[in-house]
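Trainee: Before I ask anything, here is the structure I am working with.
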Amino acid sequence: MEEILRRILTMLAVALTAIAIAIPVGAITNGGEPDAGEHPYVGLSVYFFDHDGDPKTPLAVSHRCSGTLISKTVYVTAGHCTFGMDVAMLWFAGDVQTNQGSNGFPDFSNLPDDFFFDAWGNRGDTVTGTPHTFPLYNDAAFFLNDLGVVVLDKAVTSAGLYDGTAGYAALPADGQFDGLEVGRHTTFTSVGYGLQRSTAAFSVADKIRLKAHPWLVQINVPGFSGDFSFLLSNNSATGGTCFGDSGGPNFIGDTTTIAGITSYGLNGSCGGTGGVWRLDRQDAIDFITSFTTGGKGKGKGKSK
């Protein structure tokens, strides 16, 4: 199924003193609601790679994720989304599902033999970009440093993509969330394009931007979450994240500040809690801002 990331249900992670199954995730689950235009800088990204390194070989589709613009050309997402990828294509429409095809969204099951990203760069609501992965990222333990950036090939300034009138998301300060208290009073706004439901029997996977308001379940606990991630509620009351929301933002409260990046879940039904990689770390902030100041960061896209 296209919406499920390539490593779903195959990546096992052991974190420090706690042993658990970590699954790269993706969508706002039951309890979420349509975003209704509040976060137009949150987008849907599809990733491609050239499997043998030959530029004349058509690109192969790998997976899709969510992410956030922090400027006209810099899009923040998860490292497990960008790792090993050569090209990303992005959409910022609230509903990519309805006009799929005419808006440039690729048909995963039947891409043309001569598919190259240059042929799609100006089609419909599509923009292309180059993925970069945080230098500390390790694919064998993706949840420890789960950060990636896509640098767009052109500024997102048109209304068909996003015209920038509502501004862009903001980065946190170093250590900003160290003092957060666990409980229902500490809430987040999770936004993404992932599955709306995932069960053994069926899934709902419309490509629409949704939001949810989970609360903080765990922070700064030795073991799985440590000081590098939050655990947020995933249930029908608050909503949560699932497959396809990977890389999407978790804003603190109702602000535009990205507290963390949707990273992992602990089961295949996206229930219980969702893991969010914390962004309030200076090395991560420096990596992202290096791209906004015209640098190229220290990460790389197609890593092995």
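Bear in mind these aren't lab numbers, they're just calculated from the coordinates by the rules spelled out. Here the structure is a predicted model, which is why all the values come from computation and not from measurement. Note that each Cβ is placed from the backbone with ideal geometry, even for glycine, and that neighbours are counted across all protein chains shown.
Trainee: Pop a pseudo-label 7 angstrom from the Cα along the beta-carbon direction at both Ala173 and Lys72 and give the gap in nm to one decimal.
Mentor: Those two pseudo-labels are separated by 2.9 nm.
Trainee: Now for a separate question. Just subtract the alpha-carbon distance of Gln282 and Asp139 from 0.36 nm times their residue separation and send over the number in nm, one decimal.
Mentor: Computed gain between Gln282 and Asp139 is 49.4 nm.
Trainee: A further question follows. So how much slack lies between Ser236 and Ala155, counting 0.36 nm per residue of separation and subtracting their Cα-Cα distance, in nm?
Mentor: The span from Ser236 to Ala155 would gain 25.4 nm if fully extended.
Trainee: Give me, ordered by chain and number, the residues 5 or more places off Val127 or on other chains with an amide H under 5 Å from its own placed amide H.
Mentor: Leu90
Trainee: Let me ask you something else. Whole-Hz Karplus ³J(HN,Hα) for the stretch 242-253, in order, using 6.51 cos²θ - 1.76 cosθ + 1.60 and θ = phi - 60°, x for Gly and Pro?
Mentor: So the J values, rounded to whole Hz, are 8, 4, x, 8, 3, x, x, x, 10, 6, 6, x.
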